[in-house]
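K.L.:
Can you read through this structure? Questions will come right after.
Every number in this text was worked out from the coordinates using simple rules, so none of it is lab data. This structure is a prediction, so every number in the text was calculated from the model and none was measured. Positions of Cβ are backbone-derived with ideal geometry, glycine not excepted, and every protein chain shown enters the neighbour counts.
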């Protein structure tokens, strides 16, 4: 598994959102994009993280950032997640995990002390030109958005 580093070209992708519409990373060229990867919609940690991004979305957009959340969940589950928690961020479905793998966000990780294969909670900030500006792996769900805002000097 290869992880991305600042200066790398972010792999382009086209995925389906919770409403069934196609969304491509290239649609956002000219804007900064926070792409975050999470294991599963409607789980406690993922809900906390998605709600934190939703709560920060207006200020992130004002600073020139878009937010894309990607998980292996099907669009129908993402739609229930959005509805249940009032999410306003863009939720994308990667059921074959090809984008997760391209971004180094899928592979071996420790879960409750055991090594398993799965989604590695990760956040990649892509610049206006499509290059990686920041790559964070194994991030914590709780407090991550606040830390990210600090790392991006948005506090």
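K.L.:
Please tell me the relative contact order of segment 82-155 in percent, rounded to the nearest whole number, where contacts are Cα pairs under 8 Å and at least six residues apart.
P.N.:
Rounded, it is 16 percent for segment 82-155.
K.L.:
Please sort 107-115, 5-13 by packing, taking for each peptide the average over its residues of neighbouring beta carbons within 10 angstrom, highest first.
P.N.:
Final packing ranking: 5-13, 107-115.
K.L.:
Quick one: compute the contact order of the chain, relative version, from alpha carbon pairs under 8 angstrom and 6+ residues apart, as a percent.
P.N.:
Normalised by residue count, the contact order of the chain is 32 percent.
K.L.:
Could you give the length gained by full extension between residue 63 and residue 128, i.e. 0.36 nm per residue of separation minus their alpha carbon distance, to one decimal place?
P.N.:
Stretched out fully, the residue 63 to residue 128 stretch lengthens by 22.1 nm.
K.L.:
In deg cm²/dmol and to the nearest 500, what is the mean residue ellipticity at 222 nm of the chain if only DSSP H runs of at least 4 residues count, each as -39500 (n - 2.57), divided by the residue total?
P.N.:
Counting only the DSSP helices, I get -8500 deg cm²/dmol.
K.L.:
Using the scaling law 2.2 N^0.38 Å as the reference, what is the normalised Cα Rg of segment 22-79?
P.N.:
1.17
K.L.:
May I pose another question? Would you please state which residues of segment 33-52 a label at residue 142 would reach in this model, taking the label point 7 Å out along Cα→Cβ and a backbone N cut-off of under 18 Å?
P.N.:
Counting only backbone N, you get 39-40, 42-52.
K.L.:
Then there's this: Kindly provide log₁₀ I(q)/I(0) values, in the same order as q = 0.10, 0.14 Å⁻¹, from the Debye equation applied to equal alpha-carbon scatterers of segment 14-151.
P.N.:
Log-scaled intensity ratios, in q order: -0.29, -0.59.
K.L.:
So between residue 19 and residue 3, what do we pick up on full extension, going 0.36 nm a residue minus the alpha carbon distance?
P.N.:
That pair, residue 19 and residue 3, stretches by 2.8 nm at full extension.
K.L.:
Arranged from highest to lowest average of other beta-carbon atoms within 10 Å per residue, in what order do the peptides 128-141, 58-71 appear?
P.N.:
Per-residue Cβ counts within 10 Å, averaged per peptide and sorted highest first, yield 58-71, 128-141.
K.L.:
Which order do the peptides 20-30, 89-99 take when ranked by the mean count of other beta-carbon atoms within 10 Å per residue, highest first?
P.N.:
89-99, 20-30
K.L.:
Now, a different point. Points 7 angstrom from Cα along the Cβ direction at residue 80 and residue 98: gap in nanometres?
P.N.:
2.6
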